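Here is the structure we will look at, set down as structure tokens.
The values are calculated or read from the model by the stated rules, or taken from the named source; none is laboratory data. All of these numbers come straight from a predicted model, not from anything done at the bench. Here the Cβ positions follow ideal geometry from the backbone for every residue, glycine too, while neighbour counts run over all protein chains shown.
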Amino acid sequence: MAQPSIVSEAASSAPLAPVEMLVAAPNLTPEEIRAPAHLDFVHSPDNLLEEIQTRQARGAIVLGSPASALSGSPSIIANFTHPILEQGFDLAIGRYSEGRFDGLINKALVYPLTRALYGLQIHYPSALDFSFSSKLADVLTVNAPGSTPLRGPFLSAAVAAGLRICEVNPGFAREAPKEARDLSSLLADALGPLFADMERNASLWQRSRASQPVPQFGAAVELIEPEQPSDVDISKLVDAFARGYKDLFEVWAQVLSPRTLLDLKKLARLAPTDFRFPDESWTRLVYEFALGHRQRLMSREHLLRSLTPLYLAWVASYALEVHEASSDVVDRRLERLCLTFEAGKPYLVSRWRWPDRFNP
Amino acid sequence: MWDEIQHALNQSAMRVLTGAASILPGLLALVIVLLFSFGAAAFLCWLLRRSLQGIDFDSRMARWGLAGMSNVAPSYSPTQLVMRVVFWSIIGLGFLLGAAALDTPLTTQMVRQTFEFLPNLLAAIALLIAGNLLARFLSRGALIGGVNMNVPYARLLSVGIKWLVLVLAAAMALDHLGIGGKIVDLAFAILFGGIVLALALAVGLGSKDLVSRSLERQTSRVIDEHEEQFRHV
């Protein structure tokens, strides 16, 4: 197999030959990526949109997962090029096999919220591994200049432009980035761009209705079971919520409605064995945080970080429900949450459009 | 002798009447200026009330954490407080203008000193407002950060930071106004140092277990399996 050439600054002075697609993998070397000859390797994804136009490429692949996850599967590139080059899709987002307690921020917040907003069942809207066409690159260059892969509004831009979107199983299990960061920073990083996107695309997401599945490529995803099942201990999570309830109630009261605060009051009184966070309450809470973010009821950084104890309460409730359940039950549990988000969307829309008419 | 007494009385009466006659136009001007100021203040307050209600000033103040200023006068909303400040400021300005019309050395000096003091007063008010906003921002950040880090004294830390900043802002405002002098400096140093010492003791004593657990984890490299059970990303 021909070694892929590296686009570097030293070589950029000479005109480069057009290629089919570019591959950006910041965690891999060209030798590790093993890309075919008709693809070209770009080390940094920051200038990828410009490179696509310069090289007249039909699209690009971004592989942002850790190197350990990417190195084991030689067919990764093919999995991502096939939907773009041969099936005519404009955005192919990775969908991974993972465990029931993996990617919890995505399960609790990002996936249900994005699905309710944009009407598409994209299981990992913030996936680090995806491919996209030059058409989407052009849309982003015009509508969101300066955006970069891994930081740009790819999904919302594709939905707004009416482009074709699919999911692809890249052929490896999802691994969390090794960078050690605290949970409140992870939540702020996950939700901040999502809420900001809601403001930019308010006219778009208020239109869509019931969500639709998207075409899937690659092997079917499955729930990965742990080698040795272990008991779930949610005591620390419940304690974190109790501490948050005691100290942050005044902060939450600036954002949440009285009804949601009452639900939290009831939740705080539950014993750990009976700890259940109703989906309706969680949905309303997330929507109210989105509204608070938009209305700048407080510093946005403070708002997002104050969600941490509430998120841990959801995790505790979810863990109690699914820790001994079968994979079907886990899937149904998450599907139920997503449907609740979709059912609660009219509440979000009405409060978004008429914020002054809210009367608790 | 009676002639001399009568002459002295006549002269003193003449001086008083002359003095009163010379000051009368100024007094009249003062009264007219005050009446005009009253009318202008009432009109401006009406205009101000409509504008502030139009922009929902009270709820914005509550959002920015400035509603606490109404604790000074609980029966007044922020809009009413602003209106009263504006009203009495215009009346005060009118009084100064009228006092200047009296054209006496005392009133002239008083007016000059008042206008010289005004920029310092405005700067001190701006310092207090900025200090209040900064105190609330920092205290809320400390509270949220402390709760998320499972720090048991998060609320104490938050309150301590808030009062540190408020005390600093108040001392800077008083220093700017030139009020109190060394007494304010000394009181600020004692208060500030006391708050810092109390916080240091609370944090130091309260974090003993946290620090020792953290060190144990680093040296023994034992990972609590429950901490790894939930992967958030």
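Observations on the model:
- One residue from A:Arg269, A:Arg284, A:Arg296 being under 28 Å from A:Arg115 (Cβ atoms), away from every other protein chain (no Cβ under 11 Å) and of a type in the set (Lys, Arg): A:Arg284
- Test: residue in the range A:188-208 that is within 14 Å of chain B (Cβ to nearest Cβ) and more than 22 Å from A:Val349 (Cα to Cα): yes
Per-residue answers, yes or no, for (1) within 30 Å of A:Ala313 (Cβ to Cβ); (2) surrounded by fewer than 14 Cβ atoms within 10 Å (Cβ to Cβ):
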| residue | (1), (2) |
| --- | --- |
| B:Ser139 | yes, no |
| B:Ala142 | yes, no |
| B:Val151 | yes, no |
| B:Leu168 | no, no |
| B:Ile183 | no, yes |
| B:Leu191 | no, no |
| B:Leu199 | yes, no |
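- The test for being at pLDDT below 90 and within 13 Å of chain B (Cβ to nearest Cβ) holds for A:Ser126.
- The sole residue among B:Ala123, B:Ala142, B:Ala154, B:Ala130 that is touching a Leu at 6+ places or on another chain (Cβ under 7 Å), more than 8 Å from chain A (Cβ to nearest Cβ) and not hydroxyl-bearing (Ser, Thr, Tyr) is B:Ala142.
- Selection status of A:Arg181, within 14 Å of chain B (Cβ to nearest Cβ), under 27 Å from A:Phe130 (Cβ atoms) and among the basic types (Lys, Arg): yes
- Residue match in the range B:61-68 (condition: modelled with pLDDT of 80 or more and not aromatic (Phe, Trp, Tyr)): no
- Filter result for A:Ala173 (surrounded by 15 or more Cβ atoms within 10 Å (Cβ to Cβ), outside any helix (DSSP H, G or I) and in contact (Cβ under 8 Å) with a residue 12 or more places away in the chain): yes
- Within the option set A:Lys246, A:Lys236, being within 14 Å of another protein chain (Cβ to nearest Cβ), surrounded by fewer than 18 Cβ atoms within 10 Å (Cβ to Cβ) and in contact with a His (Cβ under 9 Å, 6 or more places away or on another chain) holds for one residue only, A:Lys236.
- Restricting attention to the range A:251-264, the residues being touching a Leu at 6+ places or on another chain (Cβ under 9 Å) and either of a type in the set (Phe, Trp, Tyr) or assigned to a helix (DSSP H, G or I) (or both) number 6.
- Residue count for the range A:278-320, restricted to those that are among the charged types (D, E, K, R) and surrounded by 17 or more Cβ atoms within 10 Å (Cβ to Cβ): 6.
- Some residue of the range B:48-58 being within 17 Å of B:Arg84 (Cα to Cα) and touching a residue at least 60 places away in the same chain (Cβ under 8 Å): no
- Residues in the range A:251-266 that are within 9 Å of chain B (Cβ to nearest Cβ) and not β-branched (Val, Ile, Thr): A:Gln254 only.
- Residue, farthest from A:Gln121 (Cα to Cα), within the range A:83-106, restricted to residues that are among the small types (Gly, Ala, Ser) and surrounded by 20 or more Cβ atoms within 10 Å (Cβ to Cβ): A:Gly103
- Taking (1) over 20 Å from the mean Cα position of the chain (by Cα); (2) within 12 Å of chain B (Cβ to nearest Cβ); (3) without any contact (Cβ under 8 Å) to a residue 60 or more places away in the chain in turn, A:Leu303 satisfies each apart from (1).
- The range B:1-45, subset more than 42 Å from the chain's Cα centre (by Cα) and among the hydroxyl-bearing types (Ser, Thr, Tyr), residue modelled with the lowest pLDDT: B:Thr18
- Close pairs from the range B:141-154: first over 11 Å from A:Gly244 (Cα atoms), partner acidic (Asp, Glu), Cβ under 8 Å, at least 6 apart: B:Gly141/A:Glu301
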